[in-house]
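The values are calculated or read from the model by the stated rules, or taken from the named source; none is laboratory data. Quick caveat: nothing in here was measured; it's all calculated off a predicted structure. Cβ placement follows ideal geometry from the backbone for every residue including glycine, while neighbour counts extend to all protein chains displayed. Quick note on the areas: whole protein, heavy atoms, side chains included, nothing else; ligands and nucleic acids left out. Shrake-Rupley method; radii C 1.70, N 1.55, O 1.52, S 1.80 Å.
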Amino acid sequence: MSMPPRFPVTPAQIDEVVRVFYAAVRRHEVLGPVFARHVTDWPEHEAKIAAFWRNAILAERAYGGNPMQVHRAAGDVRPDHFEPWLMLFDATLIRTLPAESARAWSALAHRIGAGLRMGVEMDSPSGVPMLR
């Protein structure tokens, strides 16, 4: 028995959002160099991230990674990277999806981003999350 999607979006739309988003990331002055240090195969990375989103939105069980572990292990992902990441992601959603789906996916991305940011903040020199 399959679960209904969290909101109306197709696998093709997920692939398009991921493709457009990472094209913007590669051009971004702060995020581009961070990703360039870690991503050696963009099509493979985009496929993995599309699988993550299909799992999160469509309940497909095609993703088996651990985003928290990856972001914490990278060593150069900083808490302040999440704001421009989410800004770019929101801009991509607005450009590529109907408004209802863009809003719903944005809310999900912001919840996930907040959790990842907290995990990265735990790795800060003080070991205590920075409250804003």
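Would a scan of region 7-24 turn up a residue that is touching a helix residue (DSSP H, G or I) at 6+ places or on another chain (Cβ under 7 Å), open to solvent by 30 Å² or more (accessible area, probe 1.4 Å) and not in a helix (DSSP H, G or I)?
Yes, region 7-24 has at least one match.
Do you know which residues across region 87-103 are open to solvent by 30 Å² or more (accessible area, probe 1.4 Å) and either among the aliphatic types (A, V, I, L, M) or without any contact (Cβ under 8 Å) to a residue 12 or more places away in the chain (or both)?
Met87, Leu88, Ala91, Ile94, Ala99, Arg103, listed by residue number.
How many residues are in a loop (DSSP other than H, G, I, E, B), modelled with pLDDT of 95 or more and hydrophobic (A, V, I, L, M, F, W, C) if we restrict to region 84-132?
1
Which of the residues that make up region 59-86 are open to solvent by 50 Å² or more (accessible area, probe 1.4 Å), aliphatic (A, V, I, L, M) and under 23 Å from Asp123 (Cβ atoms)?
Met68, Val70, Ala73
Which members of region 29-58 meet the condition of being open to solvent by 30 Å² or more (accessible area, probe 1.4 Å) and outside any helix (DSSP H, G or I)?
The answer is Glu29, Val30, Thr40, Asp41.
Looking at this structure, is Ala62 out of contact with any Ser or Thr (no Cβ under 6 Å at 6 or more places or on another chain), small (Gly, Ala, Ser) and part of a helix (DSSP H, G or I)?
Spelling it out, it is not the case that Ala62 is out of contact with any Ser or Thr (no Cβ under 6 Å at 6 or more places or on another chain), small (Gly, Ala, Ser) and part of a helix (DSSP H, G or I).
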